[in-house]
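Colleague: Take this structure first; my questions come after.
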Amino acid sequence: MPGKNVSKDPKIIAIANQKGGVGKTTTTINLGAALAEHKKNVLLIDLDPQGNASTGLGIGQDQRDITTYDLLVGEADLCDAIIKTSVDYLSIVPATTDLSSADIELIDNQKRSFLLRDVLLDSAVADLGFDYILIDCPPSLNILTVNAMVAAHSIIVPLQSEFFALEGLSQLILTVRDVRQSANPGLRIEGIALTMYDARNNLSLQVEDDARENMGDMVFKTVIPRNVRLSEAPSFAIPVLSYDSASKGSIAYRALANEVIKKSKNKGMTRHGT
């Protein structure tokens, strides 16, 4: 965990797509690792009840005594939930299946959409010294994803290079618009990351053309390729950058991290409500 002698507001990015299997958790883990290579202090918040980001970073079930569920229901402080991973500069707040009941348990809480924001707005969070907080969202537009959007400065949308990919994007954009109007006026889309891209496949090329034509500069220049090393790395509970640093997947996520860092330098941030 970073030292507490540096006070700064981290950039909070939600990684979201209501469709599963698009590379959302893979992007969260490996973007975090790539930012950490720049010696950026990164905190991953696992907000998916499946807990794949936690597992993919080697956090066993026996280590998940305090989780994102505990944060949302007010039973723990952020600093107590953070676990250091095997990757330098990369920490995580893990998740368990307890999160799957959040929709029901929080239904009567009038502030149910603001719970994560309130955790991250705590003045003590700035003192933890994180440069980036990445939130791995569940594959649905439920109360957990809304919490992430309300808490975040921006959203990265992993978009699988397949038929109908853009159709699901419209609902996500509508949800972002609703959150802007009701709870987080500063929320923006950081970028759309094309994942599982195969340059030999005409469909991937067509999806890229359609995405860039319809979404313009919102689409990252970097595309994330289909890569066997990316698929293998989670079984070793490490990012692909640690598993095979020279792989195409590692190179792509380093390029994506460079784009994110460049955007961070170009756009200042303020804390919500200021």
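The values are calculated or read from the model by the stated rules, or taken from the named source; none is laboratory data. Because the structure is a prediction, the values reported are computed rather than measured. All Cβ positions, glycine included, derive from the backbone under ideal geometry; neighbour counts span all protein chains shown. Just so you know, the surface numbers come from the protein's heavy atoms only, side chains and all, with ligands and any DNA or RNA stripped out. Shrake-Rupley method; radii C 1.70, N 1.55, O 1.52, S 1.80 Å.
Colleague: Looking only at helices (runs of 4 or more DSSP H) that fall completely inside the stretch 134-218, which ones have 3 or more residues that are more than 14 Å from the chain's Cα centre (by Cα)?
Modeller: In the stretch 134-218, the matching helices (runs of 4 or more DSSP H) lie at 165-182, 202-215.
Every residue, every condition in (1) in a loop (DSSP other than H, G, I, E, B); (2) open to solvent by 10 Å² or more (accessible area, probe 1.4 Å), yes or no:
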| site | (1), (2) |
| --- | --- |
| L44 | no, no |
| D48 | yes, no |
| A76 | yes, yes |
| D80 | no, yes |
| S86 | yes, yes |
| S91 | no, no |
| A95 | yes, no |
| R117 | no, yes |
| V125 | no, no |
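Colleague: Cβ-Cβ distance below 6 Å, separation of 6 or more or different chains: which pairs start in the stretch 10-37 with a residue that is within 18 Å of P94 (Cβ to Cβ) and open to solvent by less than 10 Å² (accessible area, probe 1.4 Å) and end on one that is among the hydroxyl-bearing types (S, T, Y) and part of a loop (DSSP other than H, G, I, E, B)?
Modeller: A36/Y89
Colleague: Can you work out which of the residues in the stretch 230-274 that are at pLDDT below 95 and among the basic types (K, R) is nearest to S182 (Cα to Cα)?
Modeller: Among those that are at pLDDT below 95 and among the basic types (K, R), it is R271.
Colleague: Also, I was wondering about something else. On the given criteria, is T55 open to solvent by 60 Å² or more (accessible area, probe 1.4 Å), touching a residue at least 40 places away in the same chain (Cβ under 8 Å) and assigned to a helix (DSSP H, G or I)?
Modeller: Criteria met by T55.
Colleague: Here's a follow-up. Taking into account only those residues within the stretch 133-151 that are closer than 17 Å to S264 by Cα and out of contact with any Asp or Glu (no Cβ under 9 Å at 6 or more places or on another chain), which is surrounded by the fewest Cβ atoms within 10 Å (Cβ to Cβ)?
Modeller: Across the stretch 133-151, the extreme among qualifying residues is I133.
Colleague: For C137, work out the one condition from (1) in contact with a helix residue (DSSP H, G or I) (Cβ under 8 Å, 6 or more places away or on another chain); (2) on the phi > 0 side of the Ramachandran plot; (3) of a type outside the set (A, V, I, L, M) it doesn't fulfil.
Modeller: Condition (2) is where C137 drops out.
Colleague: Answer yes if at least one residue in the stretch 60-73 is basic (K, R), assigned to a loop (DSSP other than H, G, I, E, B), in contact (Cβ under 8 Å) with a residue 12 or more places away in the chain and buried (at least 19 other Cβ atoms within 10 Å of the Cβ), and no otherwise.
Modeller: Going residue by residue through the stretch 60-73, those that are basic (K, R) are 64.
Adding the requirement that they be assigned to a loop (DSSP other than H, G, I, E, B) leaves 64.
Filter once more, keeping what is in contact (Cβ under 8 Å) with a residue 12 or more places away in the chain: 64.
Remaining after also requiring buried (at least 19 other Cβ atoms within 10 Å of the Cβ): 64.
For the stretch 60-73, residues basic (K, R), assigned to a loop (DSSP other than H, G, I, E, B), in contact (Cβ under 8 Å) with a residue 12 or more places away in the chain and buried (at least 19 other Cβ atoms within 10 Å of the Cβ): present.
Colleague: Let me ask another. Mind listing whichever residues of the stretch 228-264 are in contact with a helix residue (DSSP H, G or I) (Cβ under 7 Å, 6 or more places away or on another chain) and free of Cβ contacts under 8 Å to residues at least 24 places away in the same chain?
Modeller: Passing the criteria: R229, E232, F236, Y243, D244, S247.
Colleague: Enumerate the pairs (first residue in the stretch 102-124 and in contact (Cβ under 8 Å) with a residue 60 or more places away in the chain; second residue anywhere and of a type in the set (S, T, N, Q)) with beta-carbon separation below 9 Å, excluding pairs fewer than 6 apart on the same chain, so at least 6 apart or on different chains.
Modeller: Here the result reads S113/N147; S113/S182; F114/N147; L116/T68; L116/N147; R117/N147; R117/N184, each pair linking the stretch 102-124 to a residue that is of a type in the set (S, T, N, Q).
Colleague: F220 - would you say it is open to solvent by 60 Å² or more (accessible area, probe 1.4 Å) and modelled with pLDDT of 95 or more?
Modeller: Spelling it out, it is not the case that F220 is open to solvent by 60 Å² or more (accessible area, probe 1.4 Å) and modelled with pLDDT of 95 or more.
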